[in-house]
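The values are calculated or read from the model by the stated rules, or taken from the named source; none is laboratory data. In this text, all values refer to a predicted model and were calculated from it rather than measured experimentally. Cβ atoms come from the backbone with ideal geometry, glycine included; neighbour counts cover every protein chain shown. Remember, those area values only see protein heavy atoms, side chains included, never the ligands or the DNA or RNA. Shrake-Rupley method; radii C 1.70, N 1.55, O 1.52, S 1.80 Å.
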Amino acid sequence: MRESGILLPIASLPSRYGIGCFSKEAYEFVDSLKAAGQKYWQILPLGPTGYGDSPYQSFSAFAGNPYFIDFVKLTEEGLLTEEACEQVDFGDDDEVIDYEKQYLGRFTLLRLAFERWKETQGGSGYQEMQAKLEADLDTETMDYCFYMAVKNHFEAKSWVFWDEDIKLRKPEAVERYQELLKDEILFYEFQQMKFQEQWAALKDYAHEQGIRIIGDIPIYVAFDSADSWAHPELFQFDENCQPITVAGCPPDGFSATGQLWGNPLYRWDYHEETGFAWWMKRMSYCFKLYDVVRVDHFRGFDEYYSIPYGEETAMHGKWEKGPGISIFRKMEEVFGNVDIIAEDLGFLTPSVIKLVEDTGFPGMKVLQFAFDSREKSNYLPCYYNQNCVVYTGTHDNDTVKGWYEKLDEEDKKLSVDYMDNASTPAEEIHWDFIRLAQSSVAELCVIPLQDYLGLGSEARINTPSTLGGNWTWRMNRNQFTDEIIQKCRKMTELYGRA
């Protein structure tokens, strides 16, 4: 079946309080997707973000981002007042997220809502309130709530800098901090309850409109996370819970010293011995959130790049063998047929190609990687098979317009020759690339919203290996016009994807 969708992170939606959330604007966007003939909405990971604000560096693989909780709904429930919300400064630029102001203002309001919620519980004690909040929370989600409470107790420091007893989760320390911080733990459980309620409602609405959700699962977790603190046995740590090796990628044409991501690496032998139990829990959580899961850095399941801890660059790492097909065979055993997209971008070895083929998962094709005049590219649509997902670009790419403006003349000439579009005005060039993606044999076509809007580099979501200025772009509430929606629908129908 030929289908299409649009990529837009939740954070990039317009809304009243400084960041996209599960507000009425999200429901209106679902309506726009339906009107545009789309079947999918691709979002980025929904986890709580930390330093750098990247959704791929989360405090937990089993928790939701409290930034996405809609204050308007909390106001309707009587947990907040509009006056209190309006008094908080979330910034004055509707197209840029100010994460510092989000951090300072959002938790102030969430605490007000939490205190009011406790008042509505009719004198219930902590145990009763905790039982109510934890009824629908996974054990790992509760680990996150405990982690954040202790983290706040230690002035937001990562767990490696905590007192030794709680750093190593000694039973008596765990018991003591659970009692000491019970109100703070409850506060984070309240956030997760509201996140899950609001996301479930939005997802249900999307399903009613015929829209499915594509979400992301980063292959690695952050070191500063509840995952690495609560389950150090899963990772390549020493007896003091210090990493032995960390993740990254080797030097290449884009980076002379490689990329040092710093994420802890898995003890794949342990995971295999336990039947990949933690991974099955993680996938189960993801399939609660999303209909389709895009597995980021799929290559890491075949081979992963291992860098000695303490290195300042990625130059001295080496490739190690990953779990290969065994983890996906286990997924099939546990979940049956699963809807997964393999993020198989970059340099692919024969063993990675075989792994993707063996799983049967569709891989990714990105048109911005197709036009390289120096060599033949398998990202050109003439080389696609049907079992793939085509994109003009991803969240890690520039917009089509921004990319095309910077394209060198030889590569630009190749694109013109390929599409025979020498007469296309520069301000319309994005439609040619959308048409190329839509007309391809790929079963699924996903276009970032910025490309439908014809926006330039100012609307780029992320520039990999850089800090600052990423993850901040927001759509103006008037940008996705009826005219663009109808043009989108017409093209979707023309190429049999509606």
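Summarise the accessible area of the stretch 42-131 (1.4 Å probe, protein heavy atoms) by the percent that is carbon and sulfur.
47
With everything on Cα atoms, drop me the angle between helix 325-335 and the longest principal axis of the chain, reported from 0 to 90° to the nearest 10.
So the inclination is approximately 70 degrees.
Taking the simple approach of a point 7 Å from Cα along Cα-to-Cβ for both residue 339 and residue 111, what is their distance in nm?
Roughly 4.1 nm, to one decimal.
Figure the gain on full extension for residue 484 and residue 406 (residue separation times 0.36 nm, minus the Cα-Cα span) and round it to one decimal in nm. It would help to have the intermediate numbers written out before the result.
Values: separation 78, 0.36 × 78 = 28.08 nm, distance 2.49 nm.
Extra length from residue 484 to residue 406 when fully extended: 25.6 nm.
Excluding residues on the same chain fewer than 8 positions from residue 288, give the aspartates and glutamates whose Cα lies under 13 Å from its Cα.
136, 138, 197, 204, 216, 339
At a Förster distance of 22 Å, what's the computed FRET efficiency of residue 139 paired with residue 172, Cβ-Cβ distance as r, to 0.05?
According to the calculation, E is roughly 0.60.
Give me the distance in nm between label points sitting 7 Å out from Cα along the Cα-to-Cβ direction at residue 239 and residue 256, one decimal.
Once both label points are built, they end up 4.2 nm from each other.
Leaving out same-chain residues fewer than 8 places away, which lysines sit with a Cα under 21 Å from that of residue 73?
Within the straight-line cut-off, residue 73 pairs with 24, 101, 118, 132, 194, 203.
Over every pair of different alpha-carbon atoms in the stretch 83-182, take the mean of 1/r and invert it; report that Kirkwood radius in Å.
16.1
At a 1.4 Å probe, what is the % contribution of carbon and sulfur to the accessible area of the stretch 169-229?
Percent of accessible area from carbon and sulfur atoms in the stretch 169-229: 51.
With a cap of 11 neighbouring Cβ atoms within 10 Å, and only residues DSSP puts in a loop, list the trypsin sites (Lys or Arg not before Pro) found in the stretch 333-394.
374, 376
So who's got an amide H within less than 5 Å of the one on residue 311, skipping anything under 5 residues away but keeping other chains? H placed 1.01 Å off N, in plane.
Here the answer is none, since no amide H 5 or more places off falls under 5 Å of that of residue 311.
Working from Cα positions, state the angle (0 to 90°, nearest 10) between the long axis of helix 24-35 and the longest principal axis of the chain.
30
Could you compute Rg(Cα) / (2.2 N^0.38 Å) for the stretch 16-175, with N its residue count?
Against the compact-globule rule of thumb, the ratio is 1.19.
Only residues of the stretch 255-286 count here: report those whose backbone N is under 20 Å from the spot 7 Å along Cα→Cβ of residue 319, or say none.
Of the residues in the stretch 255-286, 255-262, 265-269 have backbone N under 20 Å from the label point off residue 319.
Just the number please: accessible area per residue for the stretch 72-123, 1.4 Å probe, all protein chains included, in Å².
Heavy-atom SASA per residue in the stretch 72-123 reads 59 Å².
May I have the extent of the alpha carbons of the stretch 404-469 along their three principal axes, as whole Å values ordered from largest to smallest?
38, 31, 20
From the phi of every residue in the stretch 222-234, what ³J(HN,Hα) in whole Hz does the Karplus formula 6.51 cos²θ - 1.76 cosθ + 1.60 yield, where θ is phi - 60° and glycine or proline is x?
Per residue, the Karplus-derived 3J(HN,Hα) values read 6, 5, 7, 8, 5, 4, 6, 6, 6, 9, x, 5, 7 Hz.
Could you state the accessible area per residue of the stretch 273-371 in Å², with a 1.4 Å probe and every protein chain left in place?
43
Taking the Cα centre as origin and putting +1 on Lys and Arg beta-carbons and -1 on Asp and Glu beta-carbons, what dipole magnitude results for the stretch 214-274, to the nearest 20 debye?
Once rounded to the nearest 20, the dipole reads 220 debye.
Given only helices, namely DSSP H runs of n ≥ 4 each adding -39500 (n - 2.57), what is the per-residue ellipticity at 222 nm of the chain, to the nearest 500 deg cm²/dmol? Write out the running numbers ahead of the final one.
On the way: 19 runs with 201 residues, N = 498.
Value at 222 nm, helices only: -12000 deg cm²/dmol.
State the answer as a single residue: which of 162, 105, 48 lies farthest towards the positive end of the charge dipole of the chain, with beta carbon charges of +1 for Lys and Arg and -1 for Asp and Glu, about the Cα centre.
Checking the options against the dipole of the chain, the answer is 48.
About the Cα centre of the stretch 77-179, how large is the charge dipole given +1 on each Lys and Arg Cβ and -1 on each Asp and Glu Cβ? Please answer in debye to the nearest 20. Each step should come with its number before you reach the end.
On the way: 12 positive and 26 negative charges, 123 e Å.
Here the size comes out at about 580 debye.
For the stretch 369-498, how many pairs of lysine residues have a Cα-Cα distance under 17 Å, where the two are 8 or more positions apart or belong to different chains?
4
Pairing the Cα long axis of helix 350-359 with the longest principal axis of the chain, what angle in degrees results, from 0 to 90 and rounded to the nearest 10?
Its long axis makes an angle of about 70 degrees.
Mean shadow of the chain, computed from the convex hull of its alpha carbons, in nm²? Mind dumping the intermediate values first?
Details: hull surface 94.3 nm².
That works out to 23.6 nm², a quarter of the Cα hull's surface.
Give me a comma-separated list of calculated 3J(HN,Hα) values for the stretch 88-101, in order, Karplus coefficients 6.51, -1.76, 1.60 applied at θ = phi - 60°, integers in Hz, x for any Gly or Pro.
Running phi through 6.51 cos²θ - 1.76 cosθ + 1.60 with θ = phi - 60° gives 8, 8, 9, x, 10, 10, 5, 10, 9, 7, 9, 5, 5, 5 Hz.
For the chain, with the dipole built from +1 on Lys and Arg beta-carbon atoms and -1 on Asp and Glu ones, taken about the Cα centre, which of 472, 363, 250 lies farthest toward the positive end?
363
Can you compute the charge dipole magnitude of the chain about its Cα centre, using +1 on each Lys and Arg Cβ and -1 on each Asp and Glu Cβ, nothing else charged? Give it in debye, rounded to the nearest 20.
Details: 48 positive and 83 negative charges, 192 e Å.
The calculation lands at about 920 debye.
Where both residues lie in the chain, what percent of DSSP beta bridges are antiparallel, nearest 5?
About 35 percent, rounded to the nearest 5.
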